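J.: Okay, here's the structure, questions in a sec.
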Amino acid sequence: MRTTSGRYEFERSAYGILALLDDKGPQRLGAIAANYRLDPSTITRQVQAVVRLGLAAKGPDPADRRASLLSLTPEGQEAIQVARDARRQLLDRIMGSWTPQEREDFLRALTRFNETVENWIEGDPPPEPPD
C-alpha cells in the first residue's frame, strides 16, 4: 500500500501491525501474533519488514528483559496516520451519497458479520441456514 504522501509503501500485513501498535502501544511479537491468530514465525517475517522500513523498532521489554517490544518510530506514526487518513477519505468518498440510515444499517450488518466470523473462529459455528 502506498500512502497519499507517496513516501511509504507497505503491505496489508504491515498496515495491520502498524495500526495495532498505534492503537495499543508497544507489543511483544507473541501478542501481535495472537491478535491476528498467526504463527509467531509468520509475524516475525512481517515485523522484520516494518523494522527494515524504519516504521517500527524493537526494544527491551521493561517487564521482562528477555523479551522485546515492538513500537512505532516517529516515521511509523506518521505513516500509519497518513494511511488511515487516506482510507477515511476513500470511505467518505465511497459512502458520500449514502443517507445516515444507510450508513447505520451497513455498520450494523458489518458488525454482525464480524461478530459471527469471530464466534466461528472461536469454535461456535453459525447455524445452518433453513431449507
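J.: Ignoring everything except DSSP H segments at least 4 long, calculate the 222 nm mean residue ellipticity for the chain; use -39,500 (n - 2.57) per segment, divide by total residues, nearest 500.
T.: Working: 5 runs with 76 residues, N = 131.
Calculated mean residue ellipticity at 222 nm is -19000 deg cm²/dmol.
J.: Calculate, for the chain, the solvent-accessible area per residue in square angstrom, rolling a 1.4 angstrom probe over the heavy atoms of the protein chains. Don't jump to the answer; show the numbers that get you there.
T.: Values: 9250 Å² over 131 residues.
Solvent-accessible surface per residue comes out at 71 Å².
J.: Determine how many Å³ per residue the convex hull of the Cα atoms of the range 1-124 encloses. Could the numbers behind the result be given before it?
T.: Working: hull volume 15.6 nm³, N = 124.
Measuring per residue, one finds 126 Å³ for the Cα hull of the range 1-124.
J.: Before anything else, pin down the relative contact order of the range 57-110: Cα pairs under 8 Å, at least 6 apart, normalised by residue count, whole percent.
T.: Working: 20 pairs, mean separation 10.2, N = 54.
Normalised by residue count, the contact order of the range 57-110 is 19 percent.
J.: Of all the Cα-Cα pairs you can form in the range 67-124, what percent are over 18 Å apart?
T.: 63
J.: Using DSSP to call loops (not H, G, I, E or B), can you name the GluC sites (Glu not before Pro) in the range 64-127 whose Cβ has at most 15 other Cβ atoms within 10 angstrom? List each step's numbers first, then the result.
T.: Working: sites: E75, E78, E102, E104, E115, E118, E122; in loops: E122.
Those that pass, being in a loop and sparsely packed, are E122.
J.: Over the chain, what is the relative contact order in percent, taking alpha-carbon pairs closer than 8 angstrom and at least six residues apart? Could you put the intermediate results ahead of the total?
T.: Working: 112 pairs, mean separation 28.9, N = 131.
It rounds to 22 percent for the chain.
The values are calculated or read from the model by the stated rules, or taken from the named source; none is laboratory data. Given the structure is predicted, the values throughout are model-derived calculations rather than measurements. Note: ideal-geometry Cβ built from the backbone for every residue, glycine included; neighbour counts use all protein chains shown. Accessible surface is based on the protein model in full, side chains and every heavy atom, while ligands, DNA and RNA are left aside. Shrake-Rupley method; radii C 1.70, N 1.55, O 1.52, S 1.80 Å.
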